[in-house]
Structure formats: structure tokens, C-alpha cells
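Read-outs: derived from the displayed coordinates by stated rules, not from any lab. Everything numeric in this text was worked out from a predicted model, so none of it was measured. Because the Cβ atoms are built from the backbone with ideal geometry, glycine has one as well, and the counts that use them run over all protein chains shown.
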Amino acid sequence: MTAVTDELAGSSVDPESPARVSSRYDNRITLQKLEVFCSVIELGGVSRAADHLWVAQSVVSGHLRSLQERLGVQVLYRDGQRMKLTKAGEQVYQWAKEMLAGTRDLMRRLDDLDDANSGTLALAASLTVGSYLLPPILAGFRRALPRAIITMQVSDPERAFAAVGSGECDLGIVIAGPGHEHPHVRSEEIGREEIVLVAAPDRLAGIDELQLADLAKLALVAPFAGSVARDVVDRRLMERGVPPQTAVMELGHPEAMKRVIRHGVDACLLFRSCVEDELRQGTLREIPFADADLSMPVFSLVHSERPPLPIQMELVEQTRARLAAR
């Protein structure tokens, strides 16, 4: 059960069987009340929700009381110094998220109908895709569609699937291995992202290519063990019959990994998008594998029950073309 810190006064109730006041439908439940309710849950309390929404705490508390009255159930109960969602509150929270997501989707579609050169696009992307692959494409979008409003969440594939499935985001583009799916998401492979071995120009002199089995002889920098980025690469290595990476240093971000490599540690494995600029500028060099081609699929994600907007389809096609051009 989701817990939130809350200043809203209220008596303790049994969360398993909250009393329902009325079964009559009340059409005064506004989207504003649902937005306030979700903000309290997601931000961790009335005061944070009030700051986020730029309203007084009393306004937030009033919306919560009004929502409970209109629904005829108690959605929150006090457990010591904390407020928690009742069983009914959990159902209301899920419904409220779906209502708000559906409303955002409708507004985006109306914007697209109103002006083909504007519209809005909410993206969800995995780390490499959002940080390195998509930004040049999005810059081109901005030039072609100057009135379009584009937002992007950068996280991990699982969260991207969830964001598209809930309607929070219109489109996801992720690098993902097997096992990622969502009942409301349709995924399509649109290309491959290559995993490359890179070193500083003056390191590993005389090694122009490498057998994959010899990777274990190098002092490697890698992401943290157990992280999504580490697991993706290690799984691909094991599929090729090679042990997972043995790292002399574990760092949490590709930028840190690249800087360490440039300052003298042997090498690291990164997706090509992460190192394209450095390879072009000559601050890193690629050491190709003589006996293997390491790559991972890139997927587009759309909601299975909503037709994609033209702006979504255009971004997918541009991403597909960029991947194919390598």
C-alpha cells in the first residue's frame, strides 16, 4: 500500500473495509481534484503538493476532503504519524492516473488536429537513447516543427514501458533485451545499437583488434554490478560464450567512464551512440572485435489501444533511419 506523509487531519479507519457513504454518481468530481490527489500521493504529502501546484495547503486539503465526500469513501487513513491509502484509495488512485493520462492524450491529439506543424509529444527513453541517440534527432524536430512541444523522460526500459502503458507518455524508444513487456504496450524493433570497445588513443598500443575472449585480459571500467546498463552488456557477452565483465572500476554514468578512460585506464564497453562524438574528434579510439558483432535491439513503444500520432511516427522513422545509416 502506498504511504505518504500528510498533514491532512483525519481519524484512523480500517483500510480493509472503509464505509461507503453513497453509491450515487457525483459528476462534480473534477480533473483538478484528481490532479491534486495524485500530486499528494506522488510527491509525498500536502505541503509538497501545494508547493508543486502553487496553491495554499488549505486548498489541497479542501480538494482531498471534497473528493472523499463526492466518492462516498475514505481514500486516506492515518497510521501513526503517516497517512496511507485505503483499499478504496488505491482503486481511486489508479483510476485518477488513468483519467489524467487519458486527458493529456486527448489534448495532444487535439493539438495535432489543430496544427500539423505543432502538437505535443511526451517521450520515454532509456539512458543511452535519451542521452545520446535522440538529442540530434530532437534538435532537427525543433527546426522542422518550431511550435511543437516535446518532453522526454530518461530512465530505464521498465519505466519507459510503464509510462507508455499508463498513457503518461505517447512514445517510448529504448534499448532492451528479452523480458521487457507490458499488457498495454506494442513494441517494434527499429534497429540495432552496437556495443563498442573504446580506449584512449595512446592506450593498448599495438592492439588494432581483439578476440572477444581476450576481453578478460584488459583493465575494464564498467557500470555498477547489478545495474541495467551492466546487465545488458554482460548478458550479451554470455550469449557469445564469454564471461561477464571483470571491472577494475565501477562507475555510474557513461560520461564518468569515458573521462576515466581518457585519463589512462585501459578500456570500456559502451554503446556507439555514447562515444560517437569522441571517436569523431579523436579523443577515444575504437578497438573492433575480430570475431564478434555485439549489438542490442532498439524498440519503439506505443500504446496498444491508441493509434499513433503523425509526430510519433515521424520520430520513429527518423530514429530508424539514423540507426540504419551507421
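Please work out whether the stretch 192-295 counts as rounded, prolate or oblate from its C-alpha gyration tensor, where a ≥ b ≥ c are the square roots of the eigenvalues and a/c under 1.5 means rounded, while otherwise a/b larger than b/c means prolate and anything else oblate? It would help to have the intermediate numbers written out before the result.
Details: a/c = 1.37, a/b = 1.16, b/c = 1.18.
The shape class here is rounded.
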At 222 nm, what helix-only mean residue ellipticity would the chain give, in deg cm²/dmol to the nearest 500, using -39500 (n - 2.57) for each DSSP H run of four or more? -13000 deg cm²/dmol
When DSSP assigns beta bridges and you keep just the ones with both residues in the stretch 44-202, what percent turn out antiparallel, to the nearest 5? 30
A correct Karplus calculation of ³J(HN,Hα) over the stretch 90-97, with 6.51 cos²θ - 1.76 cosθ + 1.60, θ = phi - 60°, whole Hz and x for Gly and Pro, returns 4, 5, 5, 4, 4, 5, 5, 4
Could you let me know the centre-to-centre spacing of the stretch 252-285 and the stretch 125-196, using Cα atoms, in angstrom? 23
Order of I311, I150 under a 10 Å beta carbon neighbour criterion, fewest first: I150, I311
To the nearest 10 degrees, the tilt of helix 157-166 (Cα long axis) against the first principal axis of the alpha carbons of the chain is 30
For the Cα atoms of the chain, what angle does the longest principal axis make with the long axis of helix 228-239, in degrees from 0 to 90, nearest 10? 50
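For the residues D231, D293, D170, what sequence is obtained by ranking on other C-beta atoms within 10 Å, fewest first? Each step should come with its number before you reach the end.
Working: D231 14, D293 11, D170 27.
The fewest-first ordering by Cβ neighbours comes to D293, D231, D170.
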From the P(r) of the stretch 249-295, could you give the percentage of C-alpha pairs in the tail past 13 Å? 57
Counting only residues 5 or more places away or on other chains, whose amide H sits under 5 Å from the amide H of S295 once H atoms are built in the peptide plane? I195
Could you pull out every one of the lysines with an alpha carbon less than 29 Å from that of K84, ignoring same-chain neighbours closer than 8 positions? K33, K97
Which residue, H52, H182, H253, has the most motion in a Gaussian network model of the chain that connects Cα atoms within less than 10 Å? H52
What residues qualify as long-range amide H neighbours of L121, i.e. H under 5 Å apart, gap of 5 or more or another chain, H built at 1.01 Å from N? I149, I150, T151
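Would you order S58, S300, S187 from fewest to most other beta-carbon atoms within 10 Å of each residue's own beta-carbon?
Numbers: S58 10, S300 23, S187 20.
In order of increasing Cβ crowding within 10 Å: S58, S187, S300.
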Longest DSSP-loop-exposure-free segment, GluC sites (Glu not before Pro), the chain, at most 15 other Cβ within 10 Å: 17-180
Among [x] 1.13; [y] 1.18; [z] 1.23, only one was calculated for this model; which label is it, if the read-out is Cα Rg over 2.2 N^0.38 Å? [z]
Against the longest alpha carbon principal axis of the chain, how many degrees, from 0 to 90 and to the nearest 10, is the axis of helix 272-281 turned? 50
What are the ³J(HN,Hα) values, in whole Hz, obtained from phi via the Karplus relation 6.51 cos²θ - 1.76 cosθ + 1.60 with θ = phi - 60°, for each residue of the stretch 26-43 in sequence order, with x given for Gly and Pro? 10, 7, 8, 6, 8, 4, 4, 5, 5, 5, 5, 4, 5, 5, 4, 5, 7, 9
